[in-house]
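Colleague: Take this structure first; my questions come after.
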Amino acid sequence: MRILKDCNMGVKEAAEVIKEGGIVSFPTETVYGLGADVFNRKAVERVFSVKRRDPSNPLIVLIPSVDHLERVALDPPEIFWKLVEEFWPGPLTIVLKKREGVFNELTGKWPFVAVRVPGHPVPIAIMKELDSPITGPSANISGRISPISASDVISELNGLIDLLLDCGDSYFGIESTIVDLTISPARVTREGIIPVDELRKTGLDFIVEERGKKIDLGFKLILYDMDLKRAREEISKVAGNKPVITTEDGAHLYKVPVILGRRDNLHTVAKSIYRVFRILRDLNPEVVLAEPFNEPGIGRAIMGILKAASWRVVNENSRSS
Ligand code: TXA
Ligand code: MG
């Protein structure tokens, strides 16, 4: 696996590698992704095998601009254009009817495809060089912590891919929001960095689903899903020397606080959540406790990630032990 730090040079080489059927990892504005030629069946299959991804779980497709949409998707509904105008390029993935040329292997046999124009210059430049869409799943083994830096990708996939462009950290640190427009009303199937409230400002309504897939942390995370004040009281009673995931304002409450950022700026929390998960995993604690994020907006995505990663969720109704 080659690693390039010069991302201007790297773009040309990345395009070459992808053209020849290889796999390249690069930053996007959300997390690091894995790019391969969406029209090369072998390359697509290799992405599944590298990620150890269930074949029924489809890959996202990245396109360099909305002009390329018709190469992968069909008949976008009216509301698609509203969303695109507001949020592309950017961290919004949209599920549409797929075009015939897109392999069933890529979409997990579903007749739908998830597409986005990323808001990061590196994948855009690679796709412009190729004049073609590429795959865009996160660059981690399926079910594990998403990578937000080149060193995260190395620790996940060293030797399994052909090229890694080390162009600094991803900007946001959590994944894109996914909207499914193939059903009515439209559904948000993953709350990501764009809050549902922002989507609703376009005048459209959405049903919001819980983040389905679990995240394997390698340690037991216990999430306190209740009012923050109450959660802090409950956690303080039991924490002792256990690490507690909190924010700057809560650090003084615990012996071993693990600070995710600032509650008054949840972008800082989003940016550090996966990094903190990785650090904790490497320290190999048995149990880690976590405060809730009940704030609207990005708080919902953060809470979704914590829930997906948790071994146990303690709520008001749980019996205290
Ligand atoms: O921010 C992101 O979206 C990152 C960056 C690297 O692009 N990618 C990412 O990919 O998070 P991944 O594979 O980790 O998650 C993609 C999610 C999966 O949960 C998958 O089930 C869903 O998107 N998805 C992909 N194609 C779909 C489709 N055709 N219909 C419904 N859901 C789809
Ligand atoms: Mg992922």
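The values are calculated or read from the model by the stated rules, or taken from the named source; none is laboratory data. None of the values given here were measured: they were computed from a predicted structure. Glycine also receives a Cβ, built like all others from the backbone with ideal geometry; neighbour counts cover every protein chain displayed.
Colleague: Residue 34 - would you say it is near ligand 1 (Cβ under 9 Å from one of its atoms) and either part of a loop (DSSP other than H, G, I, E, B) or modelled with pLDDT under 95 (or both)?
Modeller: No: the conditions fail for residue 34.
Colleague: Is it the case, given these coordinates, that residue 11 is farther than 17 Å from residue 157 by Cα and touching a strand residue (DSSP E or B) at 6+ places or on another chain (Cβ under 7 Å)?
Modeller: Taking the combined requirement at face value, the residue does not satisfy it.
Colleague: If only one of 16, 29, 86 is acidic (Asp, Glu) and in a loop (DSSP other than H, G, I, E, B), which one is it?
Modeller: Exactly one of 16, 29, 86 is acidic (Asp, Glu) and in a loop (DSSP other than H, G, I, E, B), namely 29.
Colleague: Applying the selection to region 225-238, what residues are of a type in the set (Asp, Glu) and either touching a residue at least 24 places away in the same chain (Cβ under 8 Å) or surrounded by 15 or more Cβ atoms within 10 Å (Cβ to Cβ) (or both)?
Modeller: 225, 227, 234, listed by residue number.
Colleague: For the list (1) touching a residue at least 24 places away in the same chain (Cβ under 8 Å); (2) more than 16 Å from ligand 2 (Cβ to nearest atom), I need the number of the one condition that residue 47 fails.
Modeller: Residue 47 satisfies all of (1) touching a residue at least 24 places away in the same chain (Cβ under 8 Å); (2) more than 16 Å from ligand 2 (Cβ to nearest atom) except (2).
Colleague: Another one. Quick check on this structure: which one of 5, 42, 19 is closer than 21 Å to residue 149 by Cβ and surrounded by fewer than 20 Cβ atoms within 10 Å (Cβ to Cβ)?
Modeller: 5
Colleague: Moving to a separate point now. So, in region 197-224, how many residues would count as being closer than 13 Å to residue 304 by Cα and surrounded by fewer than 19 Cβ atoms within 10 Å (Cβ to Cβ)?
Modeller: 6
Colleague: Can you tell me how many residues in region 45-61 are surrounded by fewer than 18 Cβ atoms within 10 Å (Cβ to Cβ) and assigned to a helix (DSSP H, G or I)?
Modeller: Total meeting the criteria: 2.
Colleague: Would you say residue 64 is within 16 Å of ligand 2 (Cβ to nearest atom), touching a residue at least 40 places away in the same chain (Cβ under 8 Å) and crowded, with 19+ Cβ neighbours inside 10 Å? Can you show your working first?
Modeller: Values: within 16 Å of ligand 2 (Cβ to nearest atom): no; touching a residue at least 40 places away in the same chain (Cβ under 8 Å): yes; crowded, with 19+ Cβ neighbours inside 10 Å: yes.
For residue 64, the condition - within 16 Å of ligand 2 (Cβ to nearest atom), touching a residue at least 40 places away in the same chain (Cβ under 8 Å) and crowded, with 19+ Cβ neighbours inside 10 Å - is not met.
Colleague: Would you check if there is a residue in region 268-289 being touching a residue at least 24 places away in the same chain (Cβ under 8 Å), part of a helix (DSSP H, G or I) and of a type in the set (Ser, Thr, Tyr)?
Modeller: Yes.
Colleague: Looking only at residues in region 243-274 that are among the small types (Gly, Ala, Ser) and surrounded by 15 or more Cβ atoms within 10 Å (Cβ to Cβ), which one is farthest from residue 146 (Cα to Cα)?
Modeller: Restricting to residues being among the small types (Gly, Ala, Ser) and surrounded by 15 or more Cβ atoms within 10 Å (Cβ to Cβ), the top hit is 250.
Colleague: Still on this model: Within region 175-189, is there a residue that is more than 16 Å from ligand 2 (Cβ to nearest atom), at pLDDT 95 or above, of a type in the set (Ser, Thr, Tyr) and surrounded by fewer than 17 Cβ atoms within 10 Å (Cβ to Cβ)?
Modeller: no
Colleague: So how many residues does region 96-132 have that are in a loop (DSSP other than H, G, I, E, B) and either more than 16 Å from ligand 2 (Cβ to nearest atom) or not small (Gly, Ala, Ser) (or both)? Walk me through it before giving the result.
Modeller: At the first step, the residues of region 96-132 found to be in a loop (DSSP other than H, G, I, E, B) are 99-111, 117-120, 131-132.
After this cut, where a residue has to be either more than 16 Å from ligand 2 (Cβ to nearest atom) or not small (Gly, Ala, Ser) (or both) as well, the list is 99-107, 109-111, 117-120, 131-132.
Qualifying residue count, region 96-132: 18.
For every residue, the table says whether it meets (1) more than 8 Å from ligand 1 (Cβ to nearest atom); (2) within 24 Å of residue 49 (Cα to Cα); (3) modelled with pLDDT of 95 or more; (4) assigned by TED's automatic domain parsing to the domain that holds residue 278.
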position	(1), (2), (3), (4)
82	yes, no, yes, no
90	yes, no, yes, no
104	yes, yes, no, no
119	yes, no, yes, no
124	yes, no, yes, no
129	yes, no, yes, no
135	yes, yes, yes, no
145	yes, yes, yes, no
149	yes, yes, yes, no
